[in-house]
1. So which GluC sites (Glu not before Pro) in segment A:1-63 pass both tests, a DSSP loop state and at most 15 other Cβ atoms within 10 Å of the Cβ?
2. Using the Karplus curve 6.51 cos²θ - 1.76 cosθ + 1.60 with θ = phi - 60°, what ³J(HN,Hα) values do you get for each residue of segment B:29-41, in whole Hz, with x for Gly and Pro?
3. Give the residue list of chymotrypsin sites (Phe, Trp or Tyr not before Pro) in segment B:1-44 that are DSSP loop and have at most 11 other beta-carbon atoms within 10 angstrom.
4. Per residue of segment A:104-120, what does 6.51 cos²θ - 1.76 cosθ + 1.60 with θ = phi - 60° give for ³J(HN,Hα)? Whole Hz please, x for Gly and Pro, Karplus curve as stated.
5. Whole angstrom only: what separates the Cα centroid of segment B:69-91 from the Cα centroid of segment B:168-182?
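Any read-out appearing in this document is the output of simple, stated calculations on the displayed coordinates, not a laboratory observation. Just so we're clear, the structure is a prediction, and the values are computed from it rather than from any experiment. No Cβ is skipped: glycine too gets one built from the backbone with ideal geometry, and neighbour counts run over all protein chains shown.
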Amino acid sequence: MNCERCEEMLAAHAAGDLEGAKAMEIERHLGECHACRTALEAYQGMIARLADEPMLSPTTLESERLAEVLEHVPVCRPVRRPVNVRSFKEFLGFSVATAVVFALMLTVLALQALGQIDIPALIALMGLPRLVVMATAIVFVTSFIPIWITARQRPLNGLTFGR
Amino acid sequence: MEHLPDEELIARCACGDRRAMDEIVSRYHGKLLDFAFRHLHDREAAADIAQSAFIRVFESADSFRQKASFRTWLYTIAMNLIRDHCRRWKVRPEAPYSEIEEAAPGDLPTGRRWYSPEEAAVDRIAASWVWEQVDELPESHKAAITLRFRHGLTYDEIAEVMGAPSGTVKSWIHYGLKSLRESLQPLNCEV
């Protein structure tokens, strides 16, 4: 490396921005060249001056004025969030589905209470296998209806239900 | 509060914590004042810029998304305010650093090594020469050099504050340093 090339890279080197081969190359040259070393020291001194100059400190008056102004700054403003229509629809759909299922169950229980139907007799009439099938069907339907209504609003694990 | 990082403090500010606000002000008031003063050379205008920057920061504390560092955000706001001020008033700095030269010895930051009055005077004159030359640099070079060497921002942070690529910031700084050295050489000053 010659002095001209070194001079080109000296500012970057002084700023600590050279790495690897370039840094080693310039270091080697600086070890041999007094003039370039002096130039590097000039850069380093200049950078030190820029950093070392005392920072301005706020006067008491400036600090008081700032504190007074900041006293009136509303740091905790109410966050205005828009109503999430999609979430509201989901909530409504799930509520309706649950209400339908409960209404069906209440109807069955009311009919039993009024003596219109006799559930134990029906069970005895159906037999165990049919009872198991029917119970499974009821569980499936009562779980499925709310999920189906909800899933119409939002895809559920990739299922889109009628979209 | 002193041990908390800036990002935690600003999150607390968003929840209305006044002590967090005070801590941020104590950390950055002097720095912002200095940053604005280096550009405007008008103490009153610099104080106004610092004040406006803090107001903007605290008013929009809840919108700080922590994508950038807090100080990058703060300096970006300050930089924009400085640009607005310069545009509005067509500022051209005059008599730079007179206020620094007139500053009382008590204004020196604590933790700095002791200076005799003579040493301090020589030091201040040399530093003011350097800063006078910095003033002659193009605005972008000057801002980049100030942010890098005076405020210790990284190249990426400066790039974000200045709205320029990191590589461009690097070349601004290198060219700025070269120009400074060239302009200080004829003075034969011990910098």
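1. Details: sites: A:Glu4, A:Glu7, A:Glu8, A:Glu19, A:Glu25, A:Glu27, A:Glu32, A:Glu41, A:Glu62; in loops: A:Glu19.
Of the GluC sites (Glu not before Pro), the ones in loops of segment A:1-63 whose Cβ has at most 15 other Cβ atoms within 10 Å are A:Glu19.
2. My calculation for segment B:29-41 gives 4, x, 5, 5, 4, 5, 4, 5, 5, 4, 8, 9, 6 Hz in order.
3. On the way: sites: B:Tyr28, B:Phe35, B:Phe37; in loops: none.
Hits after loop and neighbour filter: nothing returned.
4. The phi angles translate into 4, 5, 5, 4, 4, 5, 5, 4, 4, 5, 7, x, 6, 10, 10, 5, x Hz.
5. 22
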